[in-house]
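Structure incoming, see below.
Values quoted throughout were computed directly from the atomic coordinates according to the rules given, and no laboratory measurement underlies them. These numbers were taken from a predicted model, which means no experiment stands behind them. Glycine gets a Cβ as well: all are built from the backbone with ideal geometry, and neighbour counts include every protein chain shown.
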Amino acid sequence: MNAPDTALHVREQLYRDMHPHHLTPLWEVLHALVPQRPATPCVPALWKYDEVRPFLMRAGEAITAEEAVRRVLILENPALRGQSCITQSLYAGLQLILPGEVAPSHRHTQSALRFIVEGSGAYTAVDGERTTMKPGDFIITPSWTWHDHGSEADGPVVWLDGLDIPMLRFFDAGFAENDTARSQQVTRSEGSSFARYGHNMAPVRHDAPFGATSPIFSYPYERSREALDTLERGAPLDPWEGVKLRYVNPQTGGSPMPTIATFLQKLPAGFRGQGWRQTDGAVYSVVEGTGSVDIECGEQRWSFAFGPRDHFVVPSWHTARLRSDAGCVLFSFSDRPVHAALSIHKEERLS
Ligand code: GTQ
């Protein structure tokens, strides 16, 4: 054996001998453990609503909301099949509720958002208050609050669920409990949280009813859309994101949930966005209009044309560019608050 072969042999013998002792050499994996830049296993993906909806309706025939507990089709990242996640840290799914159904009351430490995609008249109840869903409304289920969903609508209601399930799984910090009641008792009138906290005012002697999570649990589309319209008319456009606002917890000015940031943006007609990349992978729900997103990472390229109710994901550190000929409104969410809390958030805007 020559010298390099001997070295190789010595190493391989070392690896084999120490393997049963649960020891492994760092130098074989160091480059992957400490990458020069984020190297996510997630890939960009698009779910066209026209393709997803028939499966949702078939699920409506195959199982009741009560039997399923939550009748949801998970939007699974194509590169992470079987892991129930859309990015490494976030879960997304489309939930269907049919007239007269109830998704029974439970609570869990995972935080959830609902973004209403189709239909009106279903409700979600959080901590004794119901809110009626309308397309484009953004609703929060704070960690460890009782919640049930139900429908008195006359047609199907579908919403996007966004949860921090993979994050809590990573931290092994998930707890859940079923309620004894199927639907929780209503103890506060509809709209009372929004009246208390949603008008740039707050109760004089107020607490934080949901801890670090926003006390507003329904942000009506009407109001958010109006803000974007006003800004589109009067304010300079951002070359990367058109007009984009983040939803806030009015008590802190921070994100509505400790783990998830949410955004609504409008791309005016004729918008040709510049490219950017960020460490927080983001999930988009198209509310109105049409457009396209071009995504690149290294040598790879993706291009998705989107319309109302379509969903897509832009993974960490993938360069994205948004365009819209006719104009569009996009809702999105990401794990940015966690990146910010850990001081690891990074964004690069290309000119
Ligand atoms: O509505 O409580 O999509 O607990 C996944 C887990 C929805 C919910 C999901 C859940 C819920």
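If you keep only loop residues by DSSP, which GluC sites (Glu not before Pro) in the range 280-337 have at most 15 other Cβ atoms within 10 Å of their Cβ? It would help to have the intermediate numbers written out before the result.
Numbers: sites: E288, E296, E299; in loops: E299.
Listed in order of number, the matching sites are E299.
Round to the nearest 0.05 the FRET efficiency obtained for T187 and A208 when R0 = 30 Å and r is the Cβ-Cβ distance. Numbers along the way, then the final one.
Values: r = 18 Å, r/R0 = 0.61.
The value I calculate is 0.95.
Further question on the same structure: For A227 and D50, calculate 0.36 nm times their separation in residues minus their Cα-Cα distance, and state this gained length in nm to one decimal. Can you show the working numbers first?
Details: separation 177, 0.36 × 177 = 63.72 nm, distance 2.94 nm.
Once the chain is fully extended between A227 and D50, it gains 60.8 nm.
Still on this structure, please answer the following. Between beta-carbons, use under 11 Å as the cut-off and find the net charge around E288, counting Lys and Arg +1, Asp and Glu -1.
Numbers: positive: R225, K266, R309; negative: none.
Counting the neighbours of E288, the net charge comes to +3.
Round to a whole angstrom and tell me the spacing of the C-alpha centers of the range 60-136 and the range 323-351.
The range 60-136 and the range 323-351 have Cα centres spaced 23 Å from each other.
For the residue pair V248 and Q300, what label-to-label distance in nm results when each label sits 7 Å from Cα along the Cα-to-beta-carbon direction?
Each label point lies 7 Å from its Cα, and together they span 3.7 nm.
Right, another one. Given labels modelled 7 Å from the Cα in the Cβ direction, how far is it in nm from L14 to L30?
In this crude label model, L14 to L30 measures out at 1.2 nm.
Oh, and also: Would you calculate the separation in nanometres between label points at N178 and H22, each defined as 7 Å from the Cα along the Cα-to-beta-carbon direction?
So the two model labels end up 3.5 nm from each other.
Here's another thing I want to ask about it. Can you list which of the DSSP-assigned H helices in the chain have a Cα extent of 18 Å or more along the long axis and an average Kyte-Doolittle score of at least -1.0?
Numbers: long enough: 3-18 (23 Å, -0.78); 49-62 (19 Å, -0.46); 221-234 (20 Å, -1.52).
Counting only whole DSSP H runs, the qualifying helices are 3-18, 49-62.
With an 8 Å cut-off on Cα pairs and a minimum separation of 6 or more residues, tell me the relative contact order of the range 85-157 in percent.
Details: 155 pairs, mean separation 30.8, N = 73.
Computed value for the range 85-157: 42 percent relative contact order.
Full-extension gain between A79 and F170, please, as 0.36 nm times their residue separation minus the C-alpha to C-alpha distance.
Values: separation 91, 0.36 × 91 = 32.76 nm, distance 1.81 nm.
Between A79 and F170, full extension yields an extra 30.9 nm.
For the chain, what is the mean residue ellipticity at 222 nm derived from helices alone (per DSSP H run of n ≥ 4: -39500 (n - 2.57); sum divided by total residues; nearest 500 deg cm²/dmol)? All intermediate terms of the calculation are to be shown ahead of the outcome.
Details: 8 runs with 70 residues, N = 351.
Counting only the DSSP helices, I get -5500 deg cm²/dmol.
Dipole of the range 245-351, Cα-centred, from +1 at each Lys and Arg C-beta and -1 at each Asp and Glu C-beta, to the nearest 20 debye?
Numbers: 11 positive and 10 negative charges, 40 e Å.
That gives the range 245-351 a dipole magnitude of about 200 debye.
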